[in-house]
Each structure stands twice: as C-alpha cells, then as structure tokens.
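Peer 1: Have a look at this one before I ask anything.
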C-alpha cells in the first residue's frame, strides 16, 4: 500500500471534477456495454444498455471483502461538454438491489457520481460510489464507500482503427482503508479495451470493457 | 492488358460512388467515440461508407448514388451518439 498525502489526493480529485472518462455508464443510444474491474479480493461487473445518449439501465455485480452486491441501476448523463479537442462528462447513478453477506441476503441502495475529462493525449476521472447497507438483528453492516481517481497519458496519438495505448495511475480509497495506488497500461482497439495493472504493494489488477 | 483494364476499373470505383461529405465533430477524442458515430451512420440506407479521422476531428460520409442525408439528420444522428456537428462549406 502507498500512502498519498491526503491534501494531494483532494487536489487530484478536485482537478478531476473540474475537468471528464473511460468507463462511461451511459454510451450512445442503443449501445450495450460490458465493463469489469478485477483485483485481489474484488470483482466488479457492470452491464449497461443506453436508451438514449443520456439515460442507461444497468446491472452491477460487485464482490468485495465478504459481501456480494447485485444492483439494478439507472445511469444518467447530467452534463456533457463537447469541446474542439476534448470532452467532459458528469454522471449520476442510483440503484436498489441485494447485499449477500454473513449468510444472509439484505436490501442495499446504491448511489454514484462520476466526472471525467479527456483529450486524445490526457485523461482524468473521479468516481464516488456508496452502498447503503441494512443491518440485521445481530449484525451491523457498515456502508461501503469507494472513491476512485484516475489520470492517464497517451504516449502516442492513435487513429481510429489503430491500437490505442495509455499509461494510467489510479488511486482507490475504500472506507477506512489506506489509499491504494495502481499503475495500468491500457490498450484498446475499436470496441475492446483491456487494462493490465499492478499496485505499488505488489497486487494485480485486470479490467476490460466491450461496447456492442 | 486485362490486368491493366482491371486496375483502371478498380481505381475508378470511388469515382462511381456517390457524393462525399465531410462533417466536423466536436468532442470526438477516442476510438470508442468514433465507434458509436460510425455505427449510427452505417445504419443509414443512404450511406455507403463512413471514415473517421480523430486527428482532423472529422467524419467523412460517402453516399450511395443519388442519395444524401440532410444536415438536420446528420446533426440528429450525431446528437444521438452524444456529439455535435459542424459542416465545412
């Protein structure tokens, strides 16, 4: 684990909000997207269908620590900035589903806000997710919060139909755990994207995304 | 001689295709963006081919003979894909 001074993290997050991302929860009208984020003790899958350019329905499956969340959700593009050389977005998502933990299935609510900005050369994003969990008579379930901030650089500018490559650094903060830093190499070609990552603590990460 | 004729015919093919229109697109910064745009235009019966240049921020539409999309339709398709159009004079 690498500890980042909190002031730097906050500055990075603010920079992310000021600017737009990759795992867009809403795509073009009629698009189906499959995204998956995986690392030690965490598997996250999101399947979406975009009705319009600003509204999508989705299904999240997240396995983290000892809990499994399965949440149908709505994703909304609140704002998009189409600039000459860049694009920025803000998204809101909300859902309601199940939390399978402690050999029980309990209801869980989900909320997320995401902002991103990207040009052909640079990319930054920030995402805040929260799962509002329900207690049992004997078990107190702590809400699950995850902040993910990313910044990326394309070492060369690729055209459409060429292999795109990005170098990315990601900071994760989950509940009261220390910040974890992961470096990724992202490759994408046409409608398929993969990210291979390693944490500064020696862990692995593998993400992929496909648009249909 | 046959080979030469075949080559002339092959090289002439683009000239036989319909009109070509170039549309400037704002916000088209990645292949994923371009994929959505390409898909939208290829679904149109008037369009024979779609070429994208991220460097020049343009989509080049090659129409079928005698057919064309209105600027309003192009704007609408780009909007559905999440982008904005501007047309070269």
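Every read-out reported here was derived from the displayed coordinates using simple, explicitly stated rules and does not represent laboratory data. Quantities reported herein were computed from a predicted structural model and do not represent experimental measurements. Glycine also receives a Cβ, built like all others from the backbone with ideal geometry; neighbour counts cover every protein chain displayed.
Peer 1: Dividing the convex hull volume of the Cα atoms of the protein assembly as shown by its residue count, what figure in Å³ per residue is obtained?
Peer 2: So the per-residue hull volume is 154 Å³.
Peer 1: Between residue A:181 and residue A:210, 0.36 nm times their residue separation minus their Cα-Cα distance comes to what?
Peer 2: That works out to 8.0 nm of additional length.
Peer 1: Along the Cα→Cβ direction, 7 angstrom out, place labels at residue A:159 and residue A:134. What is the inter-label distance in nm?
Peer 2: 5.6
Peer 1: Here's another thing I want to ask about it. Once both labels are modelled 7 Å past Cα along the beta-carbon direction, what's the residue A:63-residue A:142 spacing in nm?
Peer 2: 2.2
Peer 1: Let me ask something else. So for region B:29-89, averaging the separation of alpha carbon pairs under 8 Å that are six or more residues apart and normalising by length, what relative contact order in percent results?
Peer 2: Over region B:29-89, the number comes to 29 percent.
Peer 1: In nm, to one decimal, how far is the residue A:83 label point from the residue B:24 one, both placed 7 Å along Cα→Cβ?
Peer 2: 1.7
Peer 1: Also, I was wondering about something else. Report the semi-axes of the equivalent ellipsoid for region A:100-197 in whole Å, largest first, where each axis is √(5λ) for an eigenvalue λ of the Cα gyration tensor.
Peer 2: Its equivalent ellipsoid spans semi-axes of 35, 14, 12 Å.
Peer 1: Any chance you could check the Cα centroid distance between region A:116-149 and region B:54-89 for me, in angstrom?
Peer 2: 38
Peer 1: Once you have the Kirkwood Rh of region B:17-87 from its Cα pairs, apply Stokes-Einstein at 25 °C and 0.890 mPa s and quote D in µm²/s.
Peer 2: In µm²/s, the coefficient is 208.
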